[in-house]
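The values are calculated or read from the model by the stated rules, or taken from the named source; none is laboratory data. Remember, it's a predicted structure, so these values are computed and weren't measured experimentally. Cβ sites come from the backbone with ideal geometry, for glycine too, and all protein chains shown count toward neighbours.
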């Protein structure tokens, strides 16, 4: 009788954990508290299964999948590179959604497989199969949506040596299709409630909600992907809560709706940081803007020329982007800043775009790893007014986050807040080529007269620049 | 399975927890958006409990082939979500720590 007390402890640990995770100093403790909560929850469930609802007769059915799952999760989490963490979060999220959907499906399938199993009374049947239906819808939707989000974050996938780019497509009429699909899954859920023995309903539900998940994510551009992952995360919480209704478990209910609600708020907070609205992210039709053809060219500069421009600079703002993350050049960049400060007593700051590097906080993480002082990392809104008085803006592997095309009314970037590097006295861009960024739009900044391009890998180029600077 | 007498109680818990979740998160610095998302994602792996009970129902019903396969698969995926989610959050937060 006292066994479910463990669920209360776990729920309290989850609440404290999430609370502490939202403050910088207490975040590591928050994560430990929630993982402790999870351990307590699993322990309690096992004890309840053994002593409460009858002994466990087949431990293999429990220990083997658990061990395999834990191993998969641990290996993925530890092996992943720091640049691919957003993909990983999206992938795990898809796993969670799939788990909820599978639990619901197993529950439904029981009645399909065993015709001798009596159906519950009408009221129970409605709630149980209604909840199972919704849990399955949200779960499958989260799975396929998250997998597509992973693909988009990766940029594509290589199958037998052939590269397939992740598609982004979504004319305005697709929104109508989405609404119709939602109506369809609701109808299917009603059908499932009415006739749980028919195997067609769970299968059709799986198919239609999988398609829905893909269609939801398909029109959404790369820069908005963190918002989508956060929203799907919130949905997978709700799916878990519905599962709680089916198996009558208070912890599933509480933890699921907790994540559902806080995940939703986090989604809104993230949208605000990017000056977007959630409806805008989800329903704005994607105008086919297949990567613009580059018609202009620009002659690259060499590090010595750049070192000359930097001579005597009073203020330099470094704008890091995904390129810095990929080449892991944060340490060389830090050396560069120190060199400048030492030589010319230059004031160096880092301009952090909220979505630079494809996940919020990515640049902070990398620069912190290189021991860049916290005060030097300035968020976009605070640093933008400083560009007109800045001698050199050094863009390292960033593109869309400083593309003035975002100031225009239309186009894939329209409305995204950007870092105003074009207002600096000189702009230096370290980049592998003139190629377009994630949004597929050519960047006017590259072609300005005051802009110097350093073509090459960020780490190599910054190393050469440091050398040139030291010798000048 | 579901117990009608518990349904209202469950609904109460569900609604109250939603209010609590909304209150819990208000101001989050941009740097913590990703770790918080990742941590919340690990907590949503709580469906591992659902998967555990799912396997038991299957056992009691005599281990029906498809249903037990589904339950086992659910357990594996949920566990990957939980362990991987907490581990990756831990890694992210560790990268911040070096600062001090």
Practice item. Name every residue in region A:44-80 that is outside any helix (DSSP H, G or I) and in contact with a helix residue (DSSP H, G or I) (Cβ under 9 Å, 6 or more places away or on another chain), in order of residue number. Key: A:53, A:54, A:55, A:56, A:57, A:58, A:80
Review point. If you go through region A:118-139 one residue at a time, do you hit one that is in the same structural domain as residue A:256 (by TED's automatic domain parsing), touching a strand residue (DSSP E or B) at 6+ places or on another chain (Cβ under 7 Å) and over 23 Å from residue A:241 (Cα atoms)?
Key: no
**Study point:** So residue B:6, is it more than 7 Å from chain A (Cβ to nearest Cβ) and over 12 Å from the mean Cα position of the chain (by Cα)
**Key:** no
Check your understanding: Being modelled with pLDDT of 90 or more, in a loop (DSSP other than H, G, I, E, B) and in contact with a helix residue (DSSP H, G or I) (Cβ under 8 Å, 6 or more places away or on another chain), is that true of even one residue in region A:459-470?
Key -> no
Review point. Would you say residue A:339 is buried (at least 22 other Cβ atoms within 10 Å of the Cβ) and part of a helix (DSSP H, G or I)?
Key: no
**Study point:** Residue selected from region A:96-131 under the condition free of Cβ contacts under 8 Å to residues at least 24 places away in the same chain and in a helix (DSSP H, G or I), by the criterion farthest from the chain's Cα centre (by Cα)
**Key:** A:122
Review point. Only one residue in A:38, A:49, A:85 is farther than 29 Å from residue A:153 by Cα, surrounded by 15 or more Cβ atoms within 10 Å (Cβ to Cβ), at the interface with another protein chain (Cβ under 7 Å from one of its Cβ atoms) and out of contact with any strand residue (DSSP E or B) (no Cβ under 6 Å at 6 or more places or on another chain), so which one is that?
Key: A:49
Study note, to complete from the structure: When (1) assigned to a strand (DSSP E or B); (2) modelled with pLDDT under 85 are applied to residue A:348, the one that fails is (2)
Practice item. Select from region A:362-399 the residues that are part of a helix (DSSP H, G or I) and away from chain B (no Cβ under 14 Å) and write down the one among them that is surrounded by the most Cβ atoms within 10 Å (Cβ to Cβ). Key: A:387
Check your understanding: Is there any pair with a first residue in region A:193-212 that is over 23 Å from residue A:179 (Cα atoms) and a second that is not in a helix (DSSP H, G or I) whose Cβ atoms are under 8 Å apart and which are 6 or more apart or on different chains, and what are they?
Key -> A:196/A:119; A:197/A:115; A:197/A:119
Practice item. Working carefully through the options B:36, B:6, B:77, B:11, find the one that is crowded, with 21+ Cβ neighbours inside 10 Å, modelled with pLDDT under 95 and in a helix (DSSP H, G or I). Key: B:36
Practice item. Pull up region A:57-79, narrow it to residues that are modelled with pLDDT under 90 and within 7 Å of chain B (Cβ to nearest Cβ), then point me to the one that is farthest from the chain's Cα centre (by Cα). Key: A:57
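Just checking, does region A:158-165 include any residue being surrounded by 15 or more Cβ atoms within 10 Å (Cβ to Cβ) and outside the structural domain of residue A:440 (by TED's automatic domain parsing)? Don't jump to the end; show me each part of the working.
Taking region A:158-165 and keeping what is surrounded by 15 or more Cβ atoms within 10 Å (Cβ to Cβ), we get none.
No.
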Exercise for review: Could you please find all residues in region A:321-361 being within 14 Å of chain B (Cβ to nearest Cβ) and within 19 Å of residue A:388 (Cα to Cα)?
Suggested key: A:350, A:351, A:352, A:353
Point to revise | Residue, surrounded by the most Cβ atoms within 10 Å (Cβ to Cβ), within region A:348-361, restricted to residues that are touching a strand residue (DSSP E or B) at 6+ places or on another chain (Cβ under 9 Å) and under 15 Å from residue A:230 (Cβ atoms) | key: A:361
Review point. With respect to residue A:361, is the statement that it is at positive phi, in contact (Cβ under 8 Å) with a residue 60 or more places away in the chain, within 26 Å of the chain's Cα centre (by Cα) and assigned by TED's automatic domain parsing to the domain that holds residue A:310 true?
Key: no
Study note, to complete from the structure: Sole miss for residue A:402 among (1) without any contact (Cβ under 8 Å) to a residue 60 or more places away in the chain; (2) surrounded by 20 or more Cβ atoms within 10 Å (Cβ to Cβ); (3) away from every other protein chain (no Cβ under 14 Å) is condition (1)
Exercise for review: Please tell me if residue A:97 is facing another protein chain (nearest Cβ under 10 Å) and buried (at least 22 other Cβ atoms within 10 Å of the Cβ).
Suggested key: yes
Review point. Among the residues of region B:62-72, is there at least one that is part of a helix (DSSP H, G or I), facing chain A (nearest Cβ under 7 Å), crowded, with 24+ Cβ neighbours inside 10 Å and over 20 Å from the mean Cα position of the chain (by Cα)?
Key: yes
